[in-house]
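The values are calculated or read from the model by the stated rules, or taken from the named source; none is laboratory data. Everything quoted here is computed from the prediction, not taken from an experiment. In this analysis, Cβ positions are derived from the backbone assuming ideal geometry, glycine residues included, and neighbour counts consider all displayed protein chains. To get the accessible areas, we keep the full protein, side chains included, count just its heavy atoms, and leave off ligands, DNA and RNA. Shrake-Rupley method; radii C 1.70, N 1.55, O 1.52, S 1.80 Å.
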Amino acid sequence: MDLLQDAFLYLLAAVIAVPIANRLGLGSVLGYLIAGIFIGPVLGLVGSETEDVKHFAEFGVVMMLFLVGLELQPAMLWRMRNRLIGLGGLQVVVTTAIFSGIALAFGLNWQTGVALGMILALSSTAIVLQTLNEKGWMKSTGGQASFSVLLAQDIAVIPMLALLPLLVIGGVASGSEDAGHHGGAAIASLPGWLQTIVVLGAIAGIVLAGRTLIRPVFRFIAASKLREIFTAAALTLVIGIALLMDLVGLSSALGTFLAGVVLSDSEYRHELESDIDPFKGLLLGLFFIAVGAGIDFDLLFGEPLMILGLAAGILFIKAGVLLALGKLFRLPQSDQWLFALGLAQAGEFAFVLFGFAGGFGVLDQDLLKIMTLVVAITMLLTPLMFIIYEKGIAPRSKSGSTRDADEIDDTGTVVVAGMGRFGQVVARFLMTNGHSVVILDHDTKVIDNLARVGVKTYYGDATRPDLLAAAGLGEAKLFVAALDEREKQTELVAHVARTYPDCRILARAFDRHHVYELREAGAHRTRREVFEASLAMARDALVELGAHPFRAEKQARMFRRHDFYTLNALQEKWSGHTVDETYVDAMRAHSDDLYEVMKSDRADRYEDEDRGWTPPPNRKKLG
Amino acid sequence: MAKVLILFAHPRLDRSVANAALAEAAEGIEGVTFIDLYAKYPDGEIDVDREQNRLVENDVIIFQHPLYWYSSPAMLKEWQDLVLEYGFAYGTGGDALTGKVFFNATTCGGGREAYSKDGIHGVEIPELLVPFRRSFLLCHMRVLAPFVCFAAGRGATGGDLAGHARKYRYLLEALVDERVDFDQAETVALLSEALDTVISAP
């Protein structure tokens, strides 16, 4: 009963606060924080149990790192290496160094300083990415630079998780190899060299299993076509790896991150992503609510100047470092400001790492309370920073610089849903013409066969909105709907037309009425799936019956023209998915018309309908 | 024995009178290959390699076509544009056709007198066919005077369709038998009016 009450309370707070925060442009992370602040400090509805909730919800972080890993395709990382290592790496290192120095100057010991520095160097991926996408700044140079830095920070979390336990104040300087030996590892009783072997073995095991074992297993599960079992398998994978890592004394986040990277180029990537994503979202949401509920506002009212001063200082220093890096890397003027103001806040990872560091005693509880509040305030101020950029800086530098900034290799992607006989031809044709095509299909046999001929297909039900988003439909220029189920196809087109108004939609239709349905649903172009093939065979039949091949070709073209004309002309007669008498009458009239057209030709009259290559009429003979 | 290739272009063979008659006349002569281009390529996609091989295999190339707007139907123009490639037919290394023989065999609705300085068209047929002549000369070929069937249209007065067909077949057989004097055939005005001069008896 208690559990249900708590669940209801937390969920209700989230359901109310998050949509409102989103509407106000604050982003979901702030929404969760605000929800937590309301049910905690403000209304006092939840109390001491928030720590337990937070502990439980931290698993969301493990899932997040799995997803981060899934996103990190080695090829993409390689392409971005300069910005990741240069821009991103420098941002993390320089910012960490400055904050550590300041902490030392304030009289904190160096371990605390380094821990704080690392944690505050991170920015809020969730808030910034959402804002960049919403405002359409993602493709600008500043947006791309921000993305690179956020990605570098996400990756930097992994070494940070490894480093933080080493910073234990007065910690036992364990002679053995690395970070991992915290917690109650089951192998702690083994001799050092054996521990090392077990740890390395576990990592090698994850990589090997990811390469060889996981794919066939997922293929087998996917073939059962039971969605919930696939979801269960995905969760089992993540939880299993977390447990294994705990067992050998490594960070579970590190392990799942690794598993994510290993699976990032598998065909199940998008499916895993969209299966795990809701769990991650909810758990992280719960985590942020718990953080919000735990914020101590007495601190703010007790020492408002210190708290606000710290928040302002963090924003100021981070922005300064980013601005300098922006100049160093020659970003255009206004993009430097977007980059600097946008990433100035501390991020949600800070809460995670605070909890982690607190657990080891790297940071003491009083400091944690202050810093949690400060970080939350910097995040709350982020929308203000974006407003400063949008109203203050962007309009002033409207000239040249933003124009030539669009040098990002924006090779309009095509998403093809359904790789049956129809979709295959479209996708292969586009690929051979050098376009990058993302293909979705939910038939494992099709995927395997295509893999054999070197065509990469992603597993998943293309009618699921989250999968479409994961496949990058947001950036795609073209969407080809080629499902072989009529109703699903129409729904899919309607969904894409609503959600991605900028995307051109090409849809496979089953018959004439389906053409109308798809057009109503928002398809820009439709083709009846068997029309062209039937007409080609009809032409062949005419040749077999003795017609000259070119004549048969011309007749087929005329038939097609007339048929398209009829198709369009009858659309207004077709309404409400039904066919009334007038439609039938019109249809019949058009068929009679077509028959006349074809016959007149045979009769060899000199008429409008068949004007090609006809000698002039012989007047003497006619007269 | 020489090999003769007739490249025939008429988009509406079913409505053709004169060309159908000529096509029939060309049937069944050993050594003569008759290619209906519109039948071979109903969608207009010409197989260039195949066409070039055909040219290499034959000694005499004939364009047989009706006269449309003082020229040939569109397919023959497309054929020339694609098949007579640089490096194959002309230009550096383009000597695949050197020494072969070309002429037009064309049908027109108007009578003989219509195609003269004082006729309604104001020109002689060979003047109209200069683009073909120049093209194949550039391909290092010998270009004979055209074989023209005047008054070939349906119901045209003074036409002698059966006569045209008979003469066409006579010419084709002589070409295969190598009984045509090319030097003479290059210089006469119209091949169709000089068969007795250019062809020697078997």
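Quick notes on this structure:
Results for (1) in a helix (DSSP H, G or I); (2) farther than 20 Å from residue A:10 by Cα; (3) within 18 Å of the chain's Cα centre (by Cα), shown as yes or no for each residue.
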position: A:254; (1), (2), (3): yes, yes, no
position: A:276; (1), (2), (3): yes, yes, yes
position: A:288; (1), (2), (3): yes, no, no
position: A:291; (1), (2), (3): yes, no, no
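- Residue B:37 meets each of the listed conditions (1) over 21 Å from residue B:144 (Cα atoms); (2) within 14 Å of chain A (Cβ to nearest Cβ); (3) open to solvent by 10 Å² or more (accessible area, probe 1.4 Å); (4) out of contact with any Lys or Arg (no Cβ under 9 Å at 6 or more places or on another chain) apart from (3).
- Test: residue in segment A:70-78 that is farther than 22 Å from residue A:149 by Cα, of a type outside the set (Gly, Ala, Ser) and open to solvent by less than 40 Å² (accessible area, probe 1.4 Å): no
- Among the residues of segment B:97-110, those identified as without any contact (Cβ under 8 Å) to a residue 60 or more places away in the chain, surrounded by 18 or more Cβ atoms within 10 Å (Cβ to Cβ) and within 14 Å of chain A (Cβ to nearest Cβ) are B:108, B:109.
- Neighbours by Cβ (under 7 Å, 6+ apart or cross-chain): first from segment A:344-358, over 19 Å from residue A:316 (Cα atoms); second hydroxyl-bearing (Ser, Thr, Tyr) and open to solvent by 10 Å² or more (accessible area, probe 1.4 Å): A:351/A:372; A:354/A:372
- Scanning segment A:39-57 for residues that are in contact with a helix residue (DSSP H, G or I) (Cβ under 6 Å, 6 or more places away or on another chain), in contact (Cβ under 8 Å) with a residue 60 or more places away in the chain and either assigned to a helix (DSSP H, G or I) or open to solvent by 50 Å² or more (accessible area, probe 1.4 Å) (or both) yields A:39, A:40, A:41, A:50, A:53, A:54, A:57.
- Check on residue A:505, β-branched (Val, Ile, Thr), in contact with a Phe, Trp or Tyr (Cβ under 7 Å, 6 or more places away or on another chain) and either closer than 30 Å to residue A:134 by Cβ or free of Cβ contacts under 8 Å to residues at least 12 places away in the same chain (or both): yes
- Complete set of residues in segment B:40-59 that are within 14 Å of chain A (Cβ to nearest Cβ) and β-branched (Val, Ile, Thr): B:46
- Among the numbered conditions (1) modelled with pLDDT under 85; (2) of a type outside the set (A, V, I, L, M); (3) open to solvent by 30 Å² or more (accessible area, probe 1.4 Å), the only one that residue A:316 does not meet is (1).
- Taken over segment A:535-573, the residue count meeting the criterion of being open to solvent by 50 Å² or more (accessible area, probe 1.4 Å) and touching a strand residue (DSSP E or B) at 6+ places or on another chain (Cβ under 9 Å) is 0.
- From A:284, A:208, A:247, A:272, residue being assigned to a helix (DSSP H, G or I), touching a residue at least 12 places away in the same chain (Cβ under 8 Å) and surrounded by fewer than 19 Cβ atoms within 10 Å (Cβ to Cβ): A:247
- Against the test of being open to solvent by less than 70 Å² (accessible area, probe 1.4 Å), within 22 Å of residue A:426 (Cα to Cα) and away from chain B (no Cβ under 14 Å), the options A:508, A:525, A:504 yield a single qualifying residue, A:508.
- Extreme residue, nearest to residue A:329 (Cα to Cα), among residues of segment A:123-148 that are without any contact (Cβ under 8 Å) to a residue 40 or more places away in the chain and hydrophobic (A, V, I, L, M, F, W, C): A:147
- Filter pass, residue B:85 being within 14 Å of chain A (Cβ to nearest Cβ), among the charged types (D, E, K, R) and open to solvent by 60 Å² or more (accessible area, probe 1.4 Å): no
- Among the numbered conditions (1) open to solvent by less than 20 Å² (accessible area, probe 1.4 Å); (2) of a type in the set (Gly, Ala, Ser); (3) within 14 Å of chain A (Cβ to nearest Cβ), the only one that residue B:94 does not meet is (3).
- Residue A:277 touching an Asp or Glu at 6+ places or on another chain (Cβ under 7 Å) and of a type in the set (D, E, K, R): yes
- Of all the listed residues (B:18, B:26), the sole one being away from every other protein chain (no Cβ under 12 Å), modelled with pLDDT under 95, farther than 17 Å from residue B:129 by Cα and crowded, with 19+ Cβ neighbours inside 10 Å is B:26.
- Residues that are more than 25 Å from residue A:471 (Cβ to Cβ) and either within 14 Å of chain B (Cβ to nearest Cβ) or open to solvent by less than 30 Å² (accessible area, probe 1.4 Å) (or both), drawn from segment A:511-522: A:515, A:516
- Tallying residues that are assigned to a helix (DSSP H, G or I), free of Cβ contacts under 8 Å to residues at least 40 places away in the same chain and open to solvent by less than 70 Å² (accessible area, probe 1.4 Å) within segment A:219-239 yields 4.
- The requirement of being within 14 Å of chain A (Cβ to nearest Cβ) and surrounded by fewer than 19 Cβ atoms within 10 Å (Cβ to Cβ) is fulfilled somewhere in segment B:114-133, by at least one residue.
- Filtering segment A:522-533 to residues that are out of contact with any strand residue (DSSP E or B) (no Cβ under 7 Å at 6 or more places or on another chain) and farther than 17 Å from residue A:594 by Cα leaves A:530, A:532, A:533.
- The residues on offer are A:582, A:566, and the sole one that is in a helix (DSSP H, G or I) and under 29 Å from residue A:478 (Cα atoms) is A:566.
- Among the residues of segment B:162-187, those that are out of contact with any Ser or Thr (no Cβ under 6 Å at 6 or more places or on another chain) and either within 14 Å of chain A (Cβ to nearest Cβ) or assigned to a loop (DSSP other than H, G, I, E, B) (or both) comprise B:177, B:178, B:181.
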